[in-house]
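Visitor: Okay, handing you the structure first.
The values are calculated or read from the model by the stated rules, or taken from the named source; none is laboratory data. Please read all numbers here as calculations on a predicted model, not as lab measurements. Positions of Cβ are generated from backbone atoms using ideal geometry, with glycine treated the same way; all protein chains shown enter the neighbour counts.
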Amino acid sequence: MKKGFSAVRQCMVALGIVLNIVGAFIALNLHLPVYLDSIGTVMNAALFGPVYGIMTGILGSLVSGFTFDIYSLYFAPVQIFTGLMAGLMFKTKWLQKGRIPVGAIAVSLPTSIVSAVICAIVFGGITSSGSSFIVQVLTKAGVNLTVSCFIVQVITDYLDKLLAVVIVTGVMAAMTGEMKEKLRGNQRGQI
């Protein structure tokens, strides 16, 4: 079986997109301070590498943006960094067992920078996220808007990416080695 964009990988990307959309929808409607829109991105980055994580994240952002949360379109670059960093960090084993909290920092820091810039410059600190309230409190307390956005994004992105990584590593641990190999296309046979 070739490792290209097989039917199995297409289905996994579709599943990842659905996970991102459902997570984003829940977070948006419950006004959570985390986003839950990158679980599928992290899952496909872990299974197949950064390219599949990036693809999943961008497509999930597009669908979310065109259906229920226009802000999601503007934050698609965050998904690019999430897919890239998660894919790289899973390859280095920094997202396994006791290293997860440190590895999640490496995933979330670039996304925090990108999302803080987008939040501050494009939206003036007010987005559809429940964390916008915290940004407004900090700016009213005299903290610079960009700094407020960055502080909030560092905290919320870290918690969001940590949660996504913990969920994905839990799912990956529950999968058999044979199942992972078949998904990745490293064994002959069909699923």
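Visitor: List every residue pair whose Cβ atoms sit under 7 Å apart, with the two residues 6 or more apart in sequence or on different chains, where the first one lies in the range 18-46 and is without any contact (Cβ under 8 Å) to a residue 24 or more places away in the chain and the second, anywhere, is part of a loop (DSSP other than H, G, I, E, B).
Guide: Gly23/Leu36; Gly23/Asp37; Ile26/Leu36
Visitor: Which residue pairs have Cβ atoms under 9 Å apart, sit 6 or more places apart or on different chains, and have a first residue in the range 165-176 that is modelled with pLDDT under 95 and among the aliphatic types (A, V, I, L, M) and a second that is exposed (fewer than 10 other Cβ atoms within 10 Å of the Cβ) and not in a helix (DSSP H, G or I)?
Guide: Partner pairs satisfying both residue conditions: none exist.
Visitor: I'd like to check something: does the range 125-148 contain any residue that is touching a residue at least 24 places away in the same chain (Cβ under 8 Å), hydroxyl-bearing (Ser, Thr, Tyr) and surrounded by fewer than 17 Cβ atoms within 10 Å (Cβ to Cβ)?
Guide: Yes, the range 125-148 contains at least one residue that is touching a residue at least 24 places away in the same chain (Cβ under 8 Å), hydroxyl-bearing (Ser, Thr, Tyr) and surrounded by fewer than 17 Cβ atoms within 10 Å (Cβ to Cβ).
Visitor: Go through the residues of the range 19-30 one by one and say whether even a single one is outside any helix (DSSP H, G or I), in contact with an Asp or Glu (Cβ under 9 Å, 6 or more places away or on another chain), modelled with pLDDT of 95 or more and crowded, with 19+ Cβ neighbours inside 10 Å. Show your work before the answer.
Guide: As a first pass, look at the range 19-30 and keep what is outside any helix (DSSP H, G or I): none.
No.
Visitor: Tell me which residues, restricted to the range 119-151, are touching a Cys at 6+ places or on another chain (Cβ under 9 Å), within 20 Å of Ile26 (Cα to Cα) and in a helix (DSSP H, G or I).
Guide: Answer for the range 119-151, where residues must be touching a Cys at 6+ places or on another chain (Cβ under 9 Å), within 20 Å of Ile26 (Cα to Cα) and in a helix (DSSP H, G or I): just Ser132.
Visitor: Checking the condition closer than 19 Å to Ser108 by Cβ and without any contact (Cβ under 8 Å) to a residue 40 or more places away in the chain, which residue from Leu62, Leu84 passes? Outline the logic, then answer.
Guide: On the way: Leu62 fails: closer than 19 Å to Ser108 by Cβ.
The conditions single out Leu84.
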